[in-house]
Amino acid sequence: MNLLPKSSKEFGSVDYWEKFFQQRGKKAFEWYGTYLELCGVLHKYIKPREKVLVIGCGNSELSEQLYDVGYQDIVNIDISEVVIKQMKERNASRRPQMSFLNMDMTQMEFPDASFQVVLDKGTLDAVLTDEEEKTLQQVDRMLAEVGRVLQVGGRYLCISLAQVHVLKKAVGHFSREGWMVRVHQVANSQDQLLDSEPRFSLPVFAFIMTKFRPVPGSALQIFELCAQEQGKPVRLESAERLAEAVRERQQYAWLCSQLYRKAGLGSVSLDLCNGDTGEPRYTLHVVDSPTVKASRDSHFAIFIIPQGRETEWLFGMEEGRKQLAASAGFRRLITVALHRGQQYEGMEGIQAELSARVMELAPAGMPAQQQVPFLSVGGDIGVRTVQHQDCSPLSGDYVIEDVQGDDRRYFRRLIFLSNRNVVQSEARLLKDMSHRAQKKRKKDRKKQRPADTAEDLPAAPGQSIDRSYLCCEHHKAMIAGLTLLRNPELLLETPLALLVVGLGGGSLPLFVHDHFPKSCIDAVEIDPSMLQVATQWFGFSQSNRMKVHIADGLDYITGLAGEEAQPHYDVIMFDVDSKDPTLGMSCPPPAFVAQPFLQKVKSILTPEGVFILNLVCRDLGLKDSVLAGLKAVFPLLYVRRIEGEVNEILFCQPHPERKLATPELLEMAQALQQTLRKPGKGWDDTYVLSDMLKTVKIV
């Protein structure tokens with residue numbers, strides 16, 4: 001039997017509801033949930049002895065069930081004479097004190113201030129079908145009548161799906177009247193999905209509008225949101241922010257419903273926020289592996305990423321997470337990244353906090369009462385100590401943090417919070433500092449807390465840096481590119497002039513300075529804050545062979561190219577990021593690879609020199625354009641892709657006749673490595689130059 005109207009406008013029609021209840025008969029029709037689903041919020045906002053008016057009661061059992069648990073002063077009204085007759089017959093003997101009246105809620109016959117609660121379950125949604133003038137006028141009359149029959153301190157409790165136009169109308173009307181506005185989430189999508197007759201993919205909300213005595217001249221407006229899982233409401237600054245918060249919960253519920261109904265939706269991620277502050281607390285990625293054979297224990301698992309390791313390829317990139325999910329052997333794996341600046345009560349505390357929420361993301365077909373495993377690396381949540389936090393006028397907010405790697409060594413990182421999943425600079429701490437940090441880790445094992453400073457670390461943090469170790473793979477490849485200068489045995493004995501654009505933590509120019517004793521380095525950095533960061537936190541220092549110039553790299557090179565006696569560099573390195581996140585290329589900024597500027601770069605490079613560029617470009621069309629432009633200026637162009645990352649290192653030379661075949665290139669890299677391994681050079685043997693060049697391709 002089809003009981004739905006041809007048009008939503010019929011929901012406001014008397015004739016429609018008469019026909020509806022004649023066809024429906026005596027079987028109860030429950031909009032937005034049963035009494036058992038709604039009783040929590042009803043009992044919270046309605047006291048048993050209060051006088052309650054139910055508008056648009058229909059043949060719902062809600063009033064009857066409230067009556068049976070002690071709420072006996074209830075008056076029900078409906079526009080349908082048919083349903084009122086049915087309800088009177090059904091309740092005459094069993095519930096003699098409850099009344100049912102055939103009445104239009106836009107023209108109620110009750111005296112002013114007759115009730116302490118007006119209960120509306122879906123009626124406002126049924127009437128407010130559109131925003132046409134006639135509809136809005138009818139709703140205005142309805143809400144005005146609700147306000148008239150309520151006592152001061154009384155509550156209009158409206159159960160609704162909180163569609164945009166409904167929420168806007170209800171909140172706008174009552175806030176203008178000076179009432180307190182609260183929206184309470186009362187049902188989640190998972191409850192409805194597991195129901196034998198699923199109804200809605202959207203959560204159900206209760207509007208609780210509390211009538212205040214009018215105060216002349218007062219502009220006070222109160223907006224609150226009470227989420228289902230929270231015991232106390234959160235005060236919001238405006239009706240717009242309230243609507244945004246409701247919309248976020250609706251989107252989350254819709255996502256849960258989609259994830260429940262089908263797997264393989266593609267890349268799905270979401271943030272779970274701190275209920276008190278609204279700040280992100282967890283970032284979740286949902287990864288489905290349809291090829292995993294289903295069994296009772298392989299449906300679903302949660303993987304907690306140790307703090308500080310969320311930027312690694314396995315956890316930070318979509319392909320890495322797919323590999324992790326496949327190797328873990330679960331049809332659905334949710335990875336959970338922990339945010340800096342949040343307190344965590346160890347693995348057990350995180351599990352207790354997330355258990356209910358992540359179950360809303362479980363796949364269909366998972367057995368009832370199935371235990372969901374929480375996985376991690378090493379069984380703990382890792383260590384992250386925020387050493388320093390500040391704001392640069394050019395780069396924005398940034399943090400310096402120490403994290404523990406998978407080999408139990410500790411690393412210092414520079415993170416720009418505008419791109420918090422990218423490590424801007426990284427350096428390894430010396431072992432004795434790792435031991436100190438390990439003692440601190442044992443002390444804080446049960447309670448992970450953020451810190452602006454760490455008192456157990458030295459006053460001059462740069463002294464703890466292992467200057468012989470390059471953390472970044474793209475830096476290792478850039479150093480390996482020095483092989484293209486030929487005569488590797490002479491690189492340590494002859495002067496070597498380098499220009500490095502982009503300082504960051506300073507590890508790249510510092511490494512060259514320490515391992516090539518005849519090198520003279522000019523480093524150019526646009527942000528003076530980064531020089532301070534590099535000096536104070538990453539062990540960087542200037543010398544008579546290494547100078548930092550605070551300038552825009554574009555202006556600096558343009559100035560050099562315009563001089564009569566142009567300086568000539570043997571090596572020019574670009575490792576500079578773009579501040580514009582909307583571009584398809586995050587390193588370098590597009591102006592650095594424009595052909596007129598590349599000609600200036602070429603003019604200050606020696607004929608045998610090499611221009612080395614760190615390219616991070618996700619736009620394939622743009623990347624092809626960049627490579628073509630480089631090739632036009634530098635005919636000899638090598639490309640080295642960094643495995644597991646977007647980075648590509650480009651080695652550019654002005655003369656194509658200097659091209660090296662791969663075997664010759666690897667032989668020279670090995671010769672340079674042998675030279676750098678000599679005693680007293682402090683070379684890290686895990687860094688093999690030839691390995692960095694095995695996959696180099698000539699464009």
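The table for this structure:
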read-out: Relative contact order (%) - segment 57-168, alpha-carbon pairs under 8 angstrom, separation at least six; value: 25 percent
read-out: Lys, Arg +1 and Asp, Glu -1 on Cβ, resulting dipole of segment 589-665 about Cα centre, debye, nearest 20; value: 180 debye
read-out: Euclidean distance between Cα centres, segment 33-57 to segment 531-603, Å; value: 68 Å
read-out: Shape call, segment 470-625: gyration tensor on alpha carbons, a/c limit 1.5; value: rounded
read-out: Leu161/Val215 FRET efficiency (R0 35 Å; Cβ-Cβ; nearest 0.05); value: 0.60
read-out: Theoretical FRET efficiency, 1/(1+(r/R0)^6), r = Cβ-Cβ of Thr291 and Gln72, R0 41 Å, to 0.05; value: 0.10
read-out: Approximate spin-label separation Asn419-Gln542, in nm, with each point projected 7 Å along Cα-to-Cβ; value: 2.6 nm
read-out: Karplus-derived HN-Hα couplings along segment 273-288 (A = 6.51, B = -1.76, C = 1.60, θ = phi - 60°), whole Hz, x at Gly and Pro; value: 9, 5, x, 7, 9, x, 7, x, 10, 9, 10, 10, 10, 9, 10, 9
read-out: Unit charges on C-beta of K, R, D, E only; dipole of segment 316-414, Debye; value: 280 debye
read-out: Karplus 3J(HN,Hα) series, Hz, for segment 96-104 with 6.51 cos²θ - 1.76 cosθ + 1.60 (x for Gly, Pro); value: x, 7, 8, 10, 10, 10, 7, 8, 8
read-out: Stretchable slack from Lys168 to Asp691, in nm (0.36 nm times residue separation minus alpha-carbon distance); value: 182.1 nm
read-out: 5 angstrom amide H check on Ile381, placed H, neighbours 5+ away; value: Met347
read-out: Accessible area (Å², per residue) of segment 33-127, counting only protein heavy atoms and a probe of 1.4 Å; value: 43 Å²
read-out: Among 205-216, 113-124, 617-628, 335-346, the order from most to least packed when residues are scored by Cβ within 10 Å on average; value: 113-124, 335-346, 205-216, 617-628
read-out: Cα-projected label distance for Ala628 with Ser93, points at 7 Å along beta-carbon direction, nm; value: 8.9 nm
read-out: Amide N of segment 128-156 lying under 20 Å from the label point, which is placed 7 angstrom from the Cα of Arg49 along Cα→Cβ; value: 151-155
read-out: Rg(Cα)/(2.2 N^0.38 Å) for segment 314-405, N = residue count; value: 1.35
read-out: Whole-percent carbon and sulfur share, accessible surface of segment 484-597, 1.4 Å; value: 54 percent
read-out: Residue-by-residue Karplus 3J(HN,Hα) for segment 592-601, coefficients 6.51, -1.76, 1.60, Hz, glycine and proline x; value: 6, 10, 5, 4, x, 6, 4, 5, 5, 4
read-out: Relative contact order [Cα under 8 Å, 6+ residues apart], segment 454-607, whole percent; value: 24 percent
read-out: Separation of alpha-carbon centers, segment 81-107 and segment 353-402, rounded to whole Å; value: 53 Å
read-out: Over 23 Å between alpha carbons, listed pairs Lys51/Lys134; Lys169/Lys211; Lys168/Lys211; Lys85/Lys211; value: Lys51/Lys134; Lys85/Lys211
read-out: Mean Cβ neighbour count within 10 Å, used as a protection proxy, ranking 516-523, 588-595 highest first; value: 516-523, 588-595
read-out: Potential extension, Gln107-Trp254 segment - 0.36 nm per residue separation minus Cα distance; value: 49.2 nm
read-out: Full-extension gain in nm, Gln566 to Ser298, via 0.36 nm per residue minus C-alpha separation; value: 89.9 nm
read-out: Amide H contacts of Gly644 (H built 1.01 Å from N, under 5 Å, at least 5 apart or other chain); value: none
read-out: Inter-site label distance for Arg409 and Arg618 at 7 Å from Cα along Cβ, in nm; value: 3.0 nm
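The values are calculated or read from the model by the stated rules, or taken from the named source; none is laboratory data. If you're wondering where the values come from, they're calculated on a predicted model, not measured in any experiment. Cβ sites come from the backbone with ideal geometry, for glycine too, and all protein chains shown count toward neighbours. Surface areas here come from the heavy atoms of the whole protein model, side chains and all, with no ligands, DNA or RNA. Shrake-Rupley method; radii C 1.70, N 1.55, O 1.52, S 1.80 Å.
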